[in-house]
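A quick write-up on the structure given underneath.
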Amino acid sequence: MTKPWILGLTGGIGSGKSAVAQGFIDRGVHVVDADHAARWVVEPGRPALAKIIEHFGTGVLQADGQLDRSALRKLVFADAEQRRWLESLLHPLIGQEIAQVLARAESPYAILVSPLLIESGQRHLTQRVLVVDTPVELQVQRTVARDQSSEEQVRAILQAQASREERLRHAHDVLVNDRDMAWLDAEVGRLHSFYLTLRGGLP
């Protein structure tokens, strides 16, 4: 059997990446979510968690021994140097975890979903990039409704992510998600049919 090629799927917060990924899953495509991999590498008993505790202290733990993500987020967002330290620890481990899960794929192509596909260098694990693109105001509106976050918080997250222009510069395919779910699903179906014709992500 030929090895599946890898599609990178990315987009800013509130762009609809999860809905698009689900459309591909429903069509039998093997999907790996980088956010899930980021959670797996810091589970209790994994080396990354021990290093984080050694560096930041036990204040970043919940009572059950799990990582307290919001406590850690506060520490690293307030200090760029600490954020760089954490990224240099986690990014290679997350990359390894993703590669292992992708290697088990049995569909003709597999998908790596990552909000930081461009920024983290994870696009080097992929042969082709699909960007879910959404007008910024719609991203803000959707995220405020979904997460009950304030508009200021959402705009701060958007600032921290790669700009829309930067993502689009790396895109082989762009799916503009500004209509309803039925239209979005039809677009996923169209892309899926096209991707099945590719070898190694190339026409």
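Just to be sure I understand, how many residues within segment 177-203 are among the basic types (Lys, Arg) and either modelled with pLDDT under 95 or outside any helix (DSSP H, G or I) (or both)? Counting residues in segment 177-203 that are among the basic types (Lys, Arg) and either modelled with pLDDT under 95 or outside any helix (DSSP H, G or I) (or both) gives 2. A single entry from Leu72, Leu89, Leu9 fulfils the requirement of being in contact with a Lys or Arg (Cβ under 9 Å, 6 or more places away or on another chain) and part of a helix (DSSP H, G or I): Leu89. Name every residue in segment 36-61 that is within 24 Å of Pro115 (Cβ to Cβ) and either assigned to a loop (DSSP other than H, G, I, E, B) or without any contact (Cβ under 8 Å) to a residue 12 or more places away in the chain (or both), in order of residue number. Residues satisfying the conditions are His36, Arg39, Val41, Val42, Glu43, Arg46. Being within 13 Å of Ile52 (Cβ to Cβ) and exposed (fewer than 15 other Cβ atoms within 10 Å of the Cβ) is the filter here, so list the residues in segment 72-109 that pass it. Correct list: Arg73, Ser88. Pairs meeting the criteria (first residue in segment 16-32 and free of Cβ contacts under 8 Å to residues at least 12 places away in the same chain, second residue open to solvent by 20 Å² or more (accessible area, probe 1.4 Å), beta carbons under 8 Å, at least 6 apart or on different chains) are Ile25/Val31.
The values are calculated or read from the model by the stated rules, or taken from the named source; none is laboratory data. Here the structure is a predicted model, which means the values were calculated and not measured. Every residue, glycine among them, receives a Cβ derived from its backbone with ideal geometry; neighbour counts consider all protein chains shown. The area values use the complete protein model at the heavy-atom level, side chains included, leaving out ligands, DNA and RNA. Shrake-Rupley method; radii C 1.70, N 1.55, O 1.52, S 1.80 Å.
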